[in-house]
Every structure is written in structure tokens, then in C-alpha cells.
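The structure appears right after this line, and notes come after that.
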Amino acid sequence: MKIQKIIALVFVSTLLFSCNFFTDNSPERVFELIGLNANKIPKSFERVFKEYYQQKQNGTLQTLAEDQKSMRNSNCVDAVNFYYGNTFKEDIKKINALSKTEETEPIIKAAIDMFEYAQNIQTNDFPKIAKMIDDGKSEEEVLHAAKELDNAKGMELDKKYEKVMSLLLPYADKHGVEYKKF
């Protein structure tokens, strides 16, 4: 009798988990994970590094201290790595965990492509420009490098963003997800 109860419990548990009963894959959740997190992608790398350059000049550049509770003065590379180094890693994991349906699969695929591309820029390209600031390069040199990044990879990132939104917004509209465009 106990074995039958255990088998029944395992069967029901497997059924519930395989149907994603305990996960939220609602259209609202898909929109939240993809659409809202896309807002973390900077629209202008030049603007980001202009702010970093000014903070470095003002002596206000900070990152989290070792105690994980307070802030400390920082160089630009450490600040960029702190603020941008892992921006999308958790988002990518959560998006990958969404169950894919015929309707959501192209949205999820495009979103992963966009977030991985953005993560790559922030992990590999941002520290190079931040190092220019730490090395005392002029504001013109730093902003030129950031503008080149905008023109090269920023334009591609914009295309990826537009592709995601062209899939996500009609999906959200179809399922009655409320959102505001800015």
C-alpha cells in the first residue's frame, strides 16, 4: 500500500512539474523577463562613459565595499565590472527557463540573442574603455572610443532590440498584457 502511495505521489509530482504548474510562464512573466529587463540595456554607450569620465574627474566613482554594505572609492574598471559585469546573467538563465511554446519560442530565442550580445559588450568592451579613463586618456579620446562602440556594436544591439520588441509587443497585446511605451 505504501509503495502505491509513493508511486502515486511521484506520478503527480512529475505531472505537475512537467506542466510547469509551479512556474509562472504567463504572458505577463514573459513580458516582465524580456521587455522590462531590456530597459537595462544602455541606449548610448557614449553617455555611459561620459558619466563615468565625469565621476572619475569629480572623485565620486564608487563600488561596493568588501563588507557588502557600504560604498568605497573606485577606479573605473572596477566600477564598470561591478555595475555592468553580470547585468544579464540571471536574466538569461530565467529566460532560458521559460517553457517554450510555438508562440514564445521565437521571442525567447531573439531575447537570448540580444541579452547575450549585450552581456558580451558589457563584459568585454566596457572594461577597455573604462581602462582608458583609469589611464588618464582625454575625455575626447574616451568619448571617441565609446562613440565607435555605439556605431559598431550599439547599432547591432539596436537591431536585436527592435527584433525582440517586434515579436514581444504583439504577443503582449494579444494576451492583454498592459505596458506603457516611452
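Only the coordinates and a few stated rules stand behind these numbers; no lab work does. Just so you know, these numbers come straight off a predicted model, no measurement behind them.
Quick look at the values:
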| read-out | value |
| --- | --- |
| Nearest 10 degrees, 0 to 90: helix 139-149 Cα axis against the chain principal axis | 30 |
| Relative pair counts by distance (%), Cα atoms of the chain, 5 Å bins | 1, 7, 14, 15, 13, 12, 11, 9, 7, 4, 3, 2, 1, 1, 0, 0 |
| The range 104-120 - phi-based ³J(HN,Hα) in whole Hz, Karplus 6.51/-1.76/1.60, Gly and Pro as x | 8, 4, x, 5, 5, 4, 5, 5, 4, 4, 5, 5, 5, 5, 4, 4, 4 |
| Reach of Lys180 by Cα under 19 Å, taken over aspartates and glutamates that are not fewer than 8 positions away in the same chain | Glu28, Glu32, Glu162 |
| Whole-percent pair-distance distribution, where bins are 5 Å wide, for the alpha carbons of the range 76-166 | 3, 14, 19, 20, 17, 11, 8, 5, 2, 1, 0 |
| Alpha-carbon centroids, the range 90-123 and the range 129-182: separation in whole Å | 16 |
| P(r), alpha carbons of the range 35-96 - 5 Å bins starting at zero, rounded % | 4, 16, 21, 21, 18, 13, 6, 1, 0 |
| Partners for Lys56 among lysines (Cα-Cα distance below 18 Å; same-chain residues under 8 apart left out) | Lys128, Lys131, Lys137 |
| All lysines inside 18 Å of Lys109 as judged from Cα atoms, apart from same-chain residues fewer than 8 positions distant | Lys89, Lys93, Lys94, Lys100, Lys159, Lys160, Lys163 |
